[in-house]
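Peer 1: Below you'll find the structure I mean.
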Amino acid sequence: MVKFYELLVLNTILCFYMANIGAQNDSLDVEKLYVSGIQHLRIDPVKSYDNFEKALSIVNDSILKKDKNNHHFLLRKALILDRLGFYYRKNTDYTNSLNCLQQSLTIKETIGETESISLTYSYLGSLYLRKNDRERAIKFLNKAMGFAEKYNHDEIPYILNLYSNCYSTFKDYEKGKIYALKAYKHSDSINDIKEKTYALTLLSRYSQKNTDYNASIEYSSRALKLAIASGDIIFIELCNKELGYAYRKLEEPKKALDYYLKSLELSKKIGFKNRIANRYLSVSNAYTDLNEHETAFYYYRLYKRQQIKNLNIKNIRDFAELDADYKYKREKLKDSLLFVQEKKLSEAKIETLSAENRIKKQWMLFGGIGLLVLFSIIYLIRLQKFATSKQKLQQQFSQDLINEQEKERSRLARELHDSIGQKLIFLSKQTKHLGDEHMENIADSTLDEIRSISRGLHPSNLERLGLTEAINALVYKINANTDLFFTDEIENIDNVLPKESELHLYRIIQETLSNIVKHSEAKAIKMNINKTPSGINVMISDNGKGFDFQAKYKTMSLGLKTLLERAKIIDANIHFDSQISNGTNMKLNIPIQS
């Protein structure tokens with residue numbers, strides 16, 4: 001008969017044995033999931049992400065809970081976090097990406113891991129590159145290169161490609177091309193197909209920057225063959241997009257459309273949200289080139305919807321609450337200081353024109369007096385200097401009025417929001433507490449009106465989202481609330497101009513679009529904004545009824561005066577090309593100070 005203590009010992013041994021079996025199973029599961037995640041990283045990113053998440057969960061909840069100092073699985077956790085950081089960055093979830101990479105870096109520094117730390121630094125460099133922080137991107141890439149040269153030479157081609165991409169992002173194309181060629185040579189020497197493909201796509205882009213689209217097609221085609229051979233779906237999609245772009249520039253829209261459609265389908269399969277939105281826009285542009293405007297508009301709508309999906313709830317609300325109509329604002333604020341300032345601006349411009357007319361009359365009067373030619377010339381030179389000086393002062397005064405007007409708008413917006421708005425919020429809460437539904441509705445509607453006026457006075461989107469997204473929001477507002485067919489190509493122009501100049505550029509675009517909606521009777525609008533090394537170019541055209549610009553210029557409407565003055569403030573050249581029944585074309589060039 002087995003005694004009690006013998007049963008206890010046997011039970012203890014059995015539990016220990018089962019625990020070991022469980023730990024071994026956990027370890028095997030982690031390794032399988034990690035290997036599978038690596039294998040699918042560029043073939044099926046969503047599956048790769050799922051595997052890494054499951055592996056991380058097992059490491060945290062099972063293995064490290066029992067042995068928190070397990071060196072092997074601490075390192076495995078860090079490597080999993082690296083890959084998750086890569087996935088989140090690709091999916092434009094930069095906050096989660098940074099969180100994962102910082103955790104990985106902390107673990108590696110704690111356990112003294114140096115051989116794989118170059119990967120973490122390179123991912124951090126790439127992340128800050130996406131955030132347009134050049135200084136920190138280069139800082140982390142330099143650290144990555146230092147460790148890679150010492151411990152992990154296989155990472156060098158990837159880091160060289162990141163250097164190339166970094167210099168490309170900040171418009172130093174010559175240096176970027178040098179690094180891309182280095183990356184290609186190095187990856188070829190160690191037969192690294194992925195980085196070789198990456199280098200070829202970068203070389204394709206540099207060819208596009210030099211308008212050598214045939215060379216771009218050659219590089220992209222070579223990259224596509226390598227990507228297909230390795231099954232790298234991310235690069236297959238990217239190569240199709242680059243080929244579509246090159247063929248579009250070569251005015252072969254059918255070929256461009258074929259590649260763009262392939263790129264779109266692959267983007268959906270990959271699941272990177274930002275790429276899906278951009279590919280919808282590319283397909284829309286290709287259909288526009290083929291004059292298939294209905295289909296182009298369909299994909300453009302999909303592009304805008306995808307953009308909204310990519311925004312968080314706060315930004316969606318902000319987009320839905322754009323500036324009120326300019327006429328509405330004037331009616332509501334005509335007794336305010338804003339109205340007084342606009343009146344002074346109008347009077348200053350009238351006085352400027354009067355001064356110019358007086359100079360012309362005096363020239364004609366004294367020009368006909370032969371005996372007093374010498375004295376007339378001396379007099380007129382002095383008079384002209386005085387009038388020019390006065391005109392400059394008046395122009396400066398007009399520009400100062402516009403700047404002060406914007407400051408006053410901002411102040412009024414803050415006052416409405418911080419003072420009246422807060423009181424109305426308190427009133428709304430009190431009426432809700434008292435159960436007076438009628439008064440609550442009045443308080444809420446009044447609060448909404450105050451907020452609308454506040455946003456109309458000062459474009460808060462400009463501060464929260466940046467210039468590019470503020471313009472996109474303005475376009476989306478018009479697109480959503482009118483029957484106009486709107487096509488646009490807007491490059492990222494954030495942080496190129498001073499904040500004050502960004503505000504004036506936004507106001508010029510806002511006023512131009514508002515005039516088209518109100519007066520042009522147009523069916524379609526096209527807007528292009530592109531950035532060159534020397535400046536920013538804006539083109540807005542419509543197919544409306546047009547107008548006689550010379551006649552309009554002579555009468556100098558207040559809206560046209562304000563546009564011209566704002567252009568002068570930012571040292572921009574503005575040009576209107578309009579004819580009756582032939583639409584209107586506005587071009588604006590803003591030089592960039594080097």
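The values are calculated or read from the model by the stated rules, or taken from the named source; none is laboratory data. Since we're looking at a predicted model, the values are computed, not measured. Reconstructed Cβ throughout: ideal geometry from the backbone, glycine too, with neighbour counts over all protein chains shown.
Peer 1: Which residues, taken from region 215-238, are without any contact (Cβ under 8 Å) to a residue 40 or more places away in the chain and closer than 20 Å to Gly176 by Cα?
Peer 2: Result: Ala215, Ser216, Ile217, Glu218, Tyr219, Ser220, Arg222, Ala223, Leu238.
Peer 1: May I pose another question? The conditions are (1) surrounded by fewer than 18 Cβ atoms within 10 Å (Cβ to Cβ); (2) over 28 Å from Ile233 (Cα atoms); (3) not aromatic (Phe, Trp, Tyr), and Asn99 fails exactly one of them. Which is it?
Peer 2: (2) is the only condition that Asn99 fails.
Peer 1: Since Lys268 meets every condition but one in (1) modelled with pLDDT of 90 or more; (2) surrounded by fewer than 17 Cβ atoms within 10 Å (Cβ to Cβ); (3) assigned to a helix (DSSP H, G or I), which condition does it not meet?
Peer 2: Unmet condition: (1).
Peer 1: Going by what's in this entry, would Asp61 be described as surrounded by 12 or more Cβ atoms within 10 Å (Cβ to Cβ) and either at pLDDT 55 or above or among the polar types (S, T, N, Q) (or both)?
Peer 2: no
Peer 1: Hey, another quick one. Would you mind finding the one in Ile228, Ile156, Ile190 that is modelled with pLDDT of 85 or more, buried (at least 21 other Cβ atoms within 10 Å of the Cβ) and more than 22 Å from Pro253 (Cα to Cα)?
Peer 2: It is Ile156.
Peer 1: With the condition kept exactly as written, say whether any residue in region 525-533 is surrounded by 13 or more Cβ atoms within 10 Å (Cβ to Cβ), in the same structural domain as His575 (by TED's automatic domain parsing) and assigned to a helix (DSSP H, G or I).
Peer 2: So far as region 525-533 goes, no, none of its residues is surrounded by 13 or more Cβ atoms within 10 Å (Cβ to Cβ), in the same structural domain as His575 (by TED's automatic domain parsing) and assigned to a helix (DSSP H, G or I).
Peer 1: Among the residues of region 534-564 satisfying the criterion of being closer than 24 Å to Glu502 by Cα and in a helix (DSSP H, G or I), which is modelled with the lowest pLDDT?
Peer 2: Looking at residues that are closer than 24 Å to Glu502 by Cα and in a helix (DSSP H, G or I), I get Leu558.
Peer 1: If you don't mind, another one. For region 242-262, does any single residue satisfy the condition of being more than 19 Å from Asn472 (Cβ to Cβ), assigned to a helix (DSSP H, G or I) and under 20 Å from the mean Cα position of the chain (by Cα)?
Peer 2: Yes, there is a match, as at least one residue in region 242-262 is more than 19 Å from Asn472 (Cβ to Cβ), assigned to a helix (DSSP H, G or I) and under 20 Å from the mean Cα position of the chain (by Cα).
Peer 1: A further question on this structure: Got at least one residue in region 147-165 being within 27 Å of Gln307 (Cα to Cα), part of a helix (DSSP H, G or I) and out of contact with any Ser or Thr (no Cβ under 6 Å at 6 or more places or on another chain)?
Peer 2: Yes, the conditions are met somewhere in region 147-165.
Peer 1: Further, regarding this structure: Is it the case that Phe366 is modelled with pLDDT of 50 or more and either in contact with a helix residue (DSSP H, G or I) (Cβ under 8 Å, 6 or more places away or on another chain) or not hydroxyl-bearing (Ser, Thr, Tyr) (or both)?
Peer 2: Considered against the rule, which asks whether it is modelled with pLDDT of 50 or more and either in contact with a helix residue (DSSP H, G or I) (Cβ under 8 Å, 6 or more places away or on another chain) or not hydroxyl-bearing (Ser, Thr, Tyr) (or both), Phe366 comes out as yes.
Peer 1: Take Ile234 and decide whether it is part of a helix (DSSP H, G or I) and within 20 Å of Arg130 (Cβ to Cβ).
Peer 2: Yes, satisfied.
Peer 1: Select, from Leu484, Leu513, the only residue that is more than 16 Å from the chain's Cα centre (by Cα), aliphatic (A, V, I, L, M) and surrounded by fewer than 21 Cβ atoms within 10 Å (Cβ to Cβ).
Peer 2: Leu484
Peer 1: Determine which single condition Ser216 fails, assuming it passes every other condition in (1) closer than 22 Å to Gly146 by Cβ; (2) of a type in the set (Ser, Thr, Tyr); (3) in contact with a helix residue (DSSP H, G or I) (Cβ under 7 Å, 6 or more places away or on another chain).
Peer 2: Looking at each condition in turn, Ser216 falls short on (1).
Peer 1: Any residue in region 66-87 that's over 15 Å from Val30 (Cα atoms): show its pairings with residues that are surrounded by fewer than 23 Cβ atoms within 10 Å (Cβ to Cβ) at Cβ separation under 6 Å, as long as the two are six or more apart or on different chains.
Peer 2: Tyr87/Tyr49
Peer 1: Go through region 223-234 residue by residue and tally those that are of a type outside the set (Val, Ile, Thr) and closer than 17 Å to Lys47 by Cα.
Peer 2: Total meeting the criteria: 2.
Peer 1: Among what's in region 164-194 and is among the basic types (Lys, Arg) and within 19 Å of Asp154 (Cα to Cα), pick the residue that is nearest to the chain's Cα centre (by Cα).
Peer 2: The extreme case among them is Lys194.
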